[in-house]
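Enquirer: The structure follows.
The values are calculated or read from the model by the stated rules, or taken from the named source; none is laboratory data. Because the structure is a prediction, the values reported are computed rather than measured. Note that each Cβ is placed from the backbone with ideal geometry, even for glycine, and that neighbours are counted across all protein chains shown.
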Amino acid sequence: MGVVLAVCCALAYGMSDFLAGLASRRASSYAVAVLAQCAALVVGLVCATLILPAPHITVAALAWGAASGLGSGLGTLFLYRGLGSGRMSVVAPLSAVTAAGIPVIVGLSLGERPPVLALVGIALGLPAIMLISRGHDSGGAGKGGVLDGLLAGAGFGLLFVALGQVPPGSGLWPTAAGQVVALVALLVAAVVTRTRVRVPARALGGVAAAGALGAAAAALYLLAAQRTLLSIVAVVSSLYPALTVLAATIVLRERIGRGQAVGLAAAAAAVTLIALR
C-alpha cells in the first residue's frame, strides 16, 4: 500500500509541476509559487480538518511538519532561482536526484534494510530521475547551476525526510503546518526580490490546481512514509518528473529526448522491482 501511495504522490507532484510550469509562462514564477502555496494551504487545512482528523497530535509531529515546510519553501526558492537563470539542464536533474538521494542515505543510516529487489529498484531509480529531469537546454553548466540544484535538492530532501519522521496517528496536521511555513518562506522571498504577487486571471485556475495537487502530494507522501521504508517512498515519489515530461509531450507536443526515453523506461522498471519486493 505504501508503494501505491508513493506512486500516487509522484503523479500528483508531476501534474502540479506541469500546471505551475504552464502558469509560469504567463507570470513570474515566484508569483505562481506564492499563489499556488496559498491554495495548497487552504487544501491542506481542509484535509487536516475534515478528511483525516488526528486521533492525537503532538508537538513533535507538528515540528517535523514545520521542518518539511521549511525544506519545501527553500527548495522551491533555489529551484526557481536556478531555472530563472537559464540553468535548467543542470538544476533540474541535480535537485531531483539530491532530493531522492538524501532520504535514501538517511533511511539506510537509520537501519532500514530494503529487500534485494527493492535495492535494485532504488539503484535504478536514481539515475532514471536524473535522465528524465534533463531537458533540452544546454546552457548554464557553471557553478551557479550546480549550487542552486544542490540547494534545491537539499530543501526537498529535508521535506521528504521530515515527513518520514511524523508518527502515525497525527492525521494531516503536520502537512498543514508545513504549508504554513512554506508560504511564509515564499512570501519573504517575494518581498526581498520585490516580486509582485499577481498572475493573469486566465492562469488562476491552473495555479490553484497546481497548489491543490501539491497539497495532495504531500499528504500522500506522509501516508506512504508511515506504511513503508523511507528509502523506498522517497525514490518512488521522486519519479514525478516522468508525468511532467509525458504531460508536456501530450499537451504541448514537446519531443522526448533519447536520454529521457531511457529514463522513463528505467523508472518503470524501478517501480516494478520495488513493488515486487
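Enquirer: Looking at Ala190, Ala203, Ala225 in this structure, which one is small (Gly, Ala, Ser) and modelled with pLDDT of 90 or more?
Expert: Checking each option against the conditions leaves just Ala225.
Enquirer: Which residues, taken from the stretch 98-126, are buried (at least 24 other Cβ atoms within 10 Å of the Cβ) and not aliphatic (A, V, I, L, M)?
Expert: Pro103, Gly107, Gly121, Gly125
Enquirer: Tally up the residues in the stretch 186-211 that are surrounded by 12 or more Cβ atoms within 10 Å (Cβ to Cβ), aliphatic (A, V, I, L, M) and assigned to a helix (DSSP H, G or I), please.
Expert: Looking only at that region, the number is 11.
Enquirer: Also, I was wondering about something else. Could you please find all residues in the stretch 1-60 being surrounded by fewer than 22 Cβ atoms within 10 Å (Cβ to Cβ), among the polar types (S, T, N, Q) and in a helix (DSSP H, G or I)?
Expert: Ser29, Thr49
Enquirer: Next question. Of all residues in the stretch 227-247, which are of a type outside the set (Val, Ile, Thr) and out of contact with any Ser or Thr (no Cβ under 9 Å at 6 or more places or on another chain)?
Expert: Listed by number, the residues that qualify are Arg227, Leu229, Leu230, Ser231, Ala234, Ser237, Ser238, Leu239, Ala242, Leu243, Leu246, Ala247.
Enquirer: Name the residue that is modelled with the highest pLDDT, counting only residues in the stretch 1-49 that are closer than 15 Å to Tyr80 by Cβ and of a type in the set (Val, Ile, Thr).
Expert: Per the stated criteria, the residue is Val34.
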